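Written out below as structure tokens is the structure these notes cover.
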Amino acid sequence: MPNTPLLSVRQLSCEREDRLLFTHLAFDLQAGDILQIKGPNGSGKTSLLRILAGLLPYAEGELYWQGEALHPGEPSFLSQLLFIGHAPGIKAELTPIENLLWYQDMHQGADQHAVIQALTRIGLGQFLDVPAYSLSAGQQRRIALARIYLSAHTLWILDEPFTAIDVQGVADLEQCIQAHAAQGGSVILTSHHALDTLAGLKVLTLGQAMEEVPHA
Amino acid sequence: MYFASFADFLSMQGHGIYVWASYALGLVLILANLLVPIWRTRRLRQRLQRRLQSTAAPAKELNS
Amino acid sequence: MHKTNTTSLAQAVGVCIRREFLLLVRRPSDLLNPLLFFALVSLLFPLGISPTEAILQPVASGVVWVAALLATLLSLDSLFRQDLLDGSLEQLLLTPHPLSVLVMAKVGVHWLMTAIPLILMAPVLGAMLYLPTQAQGVLMLALLLGTPVLILVGAIGAALTVSLRKTGVLLTLMVLPLYIPVLIFGTSAVHAAAQDLPADGQLAFLGAILSLTLVLAPLGISAALKVSVRQ
Amino acid sequence: MKDTLLRWFHKWGSPKWFYDLSGRWMPWLAGLSLICLLVGSIWALAFAPMDYQQGNSFRIIYLHVPAAILAQSAYMLLAILGVITLVWRMKMTEILATACAPIGASMTFLALVTGSLWGVPTWGTWWIWDARLTSMLVLLFLYLGIMALQDAIRDPSSAARASAILAIVGVINIPIIKYSVEWWYTLHQPATFKLTEKPAMPMEMWLPLLMMLIGFYAFFAWSLLLRARHQVLIREQKTRWVTQLLDAKPATKSDPSESAKS
């Protein structure tokens, strides 16, 4: 097939605490797509992201990555995935640099300079050597978000990336997401933030079919 | 019958207390493992039927 | 499309070891508590039974081993909990590297930082309980072979109960029965050495249990972590 | 042949199929276990000969040995169900494992108490650190550990998968524990008469034992199915087949969130 979708989901249903969050969910994600998951709180947005990342078992459905069936924890998939969830994943005793260096070394390797640059870009320039426990929750979350600037992963799954970021930071992050999509990567994110300015944006509201958003 | 009389059967030359105690415990455990699930299933079915008939009550999760 | 060159496993393990080391060094109380507990339990026995050598000397190896067992179990309770709470445990699952190897790095550093001081302390407590000096060496060797098993098996229990808020007795109930072979061979090794008998049979057994646990436990720990995180 | 096995495997995997099938098997199991246990115990108590050394307390062997065998095979079953649960994620094996643990635990307890009661006339006390009794005590703690873990985790399938891992770790450790306790017993206890060692048994002794063993296994299967059916009803209470099963009138308007999970 000319372009197998990067990620395709078929008949996915998810049950949490015996409450049926969504059922028969199906969509395809092409390279270059930016998919925004919308829906009221508790409609299963985070659960869907965690299922795609392989962090949550699902009752029924199939997931395909580049055409092949995707099993949770598949190394070939994980080496292409950047997942930033609700919990920042930051060790409080380590400094932002140490935290970020750990992530880069676990995935694609990075040098100290690039890490410092990313942290400064996200607004943590003065807190490079401060242990994370003395930073605010928002700042800790930004350490995790700084991974976006350093990431060469194909698929980004971001859960509410724009919370705890100031206006200038949001614009910078949007521009980074747009560039990533332009280079053939794709992003799945949840956000209450309006993203209509992004090209290639698709919106999936849980409970309704996915629809293209005409580029403004 | 191995024993001469019923009394002899009960006393078993002094070992009766231990033998009968063991078999009593065996009976208790076997009955428990049979009656407890039966009773619980019956109770669950009744509560499920009552909830379904009423259908008004929200589908509260029954787990016992 | 992006050409992603993932870091090598050796590099990832090295980074994990460095991080664990940093974390433990920056939170020394976690290291100190098990050692204090170890000394305290050994102190209770003379008070509880009697201070005379005739009574303490034969039970010395048992007391030291039971205290070491409980101290290790105490240090394991919070092995993964903080990682789960701050989200780094699920990120560990999301790395392309095999989880069982990364977990070995973490548990290995934990053993190095908690069991080695314990092993160095054991002869002191042994002497306090009138353990003959010729048994001190075997005591340390037996502990050296036994504590990794205690920590690896205990880590499986810790991984299984990481998502529960309070686990205290549950972890002990699950894991202590599995410690019995180590306790039996460990104490009898020291006991034999105390009577100038060869203890290499028991030590060989501890070594066998250690090699079995080194091979199988990481699989158990990573499977348990995957069950606990994927909830 | 392979696909029929797979199809059978998957059929058993669906709770509805299990519920119907177990409904048909249970009467037979009930009959078999009642007959065997009744005849077996009467035979053992009244007709089997006394042991020349231990006297009538020997009759407890007809209860102690089947319970001990059942205790260990139930743990093996727990481990096997655990492997299937972890590898194939089958809901039914989760349910069967949850149902199996309490029965195994009560059989271990029965074996433990009958073992010590049996020992009283010969040892003079109700507990000595006999190798087999101690291993039985450890097995009881292994069961209690599994049941405590199953109880502690809220989500039923995570609880089943977590206790499956503990069961597998436990089953690997059982031979090691048994050997080390055996070795420890011979080290400290000079080889006195090992009470629980079965002396060579003549025909009229092991026939009732065989009968009791069959009875115990049938009872085990019966109780397992009973507990499993109860678990099935709990976990499938929202499905259509359970609603029909309860032959209650389904809600007037079709319930939108109704999902016919097979």
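The values are calculated or read from the model by the stated rules, or taken from the named source; none is laboratory data. All values derive from a computational prediction rather than experimental measurement. So basically every Cβ, Gly included, is an ideal-geometry build from the backbone, and we count neighbours across all protein chains shown. Side chains included, ligands, DNA and RNA excluded: accessible areas come from the protein's heavy atoms. Shrake-Rupley method; radii C 1.70, N 1.55, O 1.52, S 1.80 Å.
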Cα-based Rg/(2.2 N^0.38 Å) for chain D, rounded to two decimals, is 1.19
Find which of C:Q231, A:H193, D:F219 sits farthest along the positive direction of the dipole of the protein assembly as shown, computed with +1 on the beta-carbon of Lys and Arg, -1 on that of Asp and Glu, about the Cα centre. D:F219
Per residue, accessible area of chain C with a 1.4 Å probe, heavy atoms of protein chains only, in Å², comes to 38
Going by amide H atoms built from the backbone, whose H comes under 5 Å of the H on A:T205, apart from near neighbours? A:K38, A:E211
Under the Debye formula (equal points on every Cα, no solvent term), log10 I(q)/I(0) of the range A:1-55 at q = 0.16 Å⁻¹: -0.54
Give the interface area between chains A and C as buried accessible surface, both sides summed, probe 1.4 Å, in Å² to the nearest 100. 3200
May I ask for the accessible area buried between chains C and D, both sides summed, probe 1.4 Å, to the nearest 100 Å²? 2200
What helix-only [θ] at 222 nm does the protein assembly as shown give? Using -39500 (n - 2.57) per DSSP H run of at least 4, over all residues, to the nearest 500, the answer is -22000 deg cm²/dmol
Give the span of the range C:187-231's Cα atoms along each principal axis, as three whole-Å numbers ordered largest to smallest. 53, 15, 6
Taking N as its residue count, the alpha carbon Rg of the protein assembly as shown over 2.2 N^0.38 Å: 1.11
Listed residue (C:G186, C:C16, A:A182) projecting farthest to the positive dipole end of the protein assembly as shown, Cβ model: A:A182
Once both labels are modelled 7 Å past Cα along the beta-carbon direction, what's the A:Q126-A:Q183 spacing in nm? 3.1
Regression test value, accessible area per residue of the range B:6-56, probe 1.4 Å, units Å², expected 58
Over the range A:1-108, what percent of the accessible surface lies on carbon and sulfur atoms, probe 1.4 Å? 50
Where Rh is the Kirkwood radius over Cα pairs, Rg/Rh for the range B:6-56: 1.47
Mean Cα-pair separation over length for chain D, i.e. relative contact order, pairs under 8 Å, 6 or more apart, %: 30
Need one number: buried accessible surface between chains B and D, 1.4 Å probe, both sides summed, DNA, RNA and ligands left out, in Å² to 100. 3700
Residues losing 50 Å² or more accessible surface upon assembly, the range D:24-71, compared with the chain by itself, 1.4 Å: D:L45, D:A46, D:N56, D:L63
Suppose we compare each residue of the range A:107-132 in its chain alone and in the full protein complex with a 1.4 Å probe; which ones drop by at least 30 Å² of accessible area? A:H107, A:Q108
If you take every DSSP beta bridge fully contained in the protein assembly as shown, what fraction is antiparallel? Give it as a percent rounded to 5. 50
Against the 2.2 N^0.38 Å rule of thumb, the C-alpha Rg of chain A sits at a ratio of 1.02
Among A:K45/A:K91; A:K45/D:K91; C:K166/C:K226; A:K38/D:K91; A:K38/D:K16, the pairs whose Cα-Cα distance exceeds 29 Å are A:K38/D:K91; A:K38/D:K16
Rel. contact order, % - alpha carbon contacts under 8 angstrom, at least six apart, chain A: 26
For the range C:171-231 and the range D:58-116, compute the distance between their C-alpha centroids and round to whole Å. 24
Positive-end residue of B:L34, B:S22, B:L44, charge dipole of the range B:6-56 with Cβ unit charges: B:L44
Fraction of beta bridges assigned by DSSP in chain A that are antiparallel (%, nearest 5): 45
Sequence-separation-based contact order of chain C, relative, with Cα cut under 8 Å and 6+ spacing, percent: 26
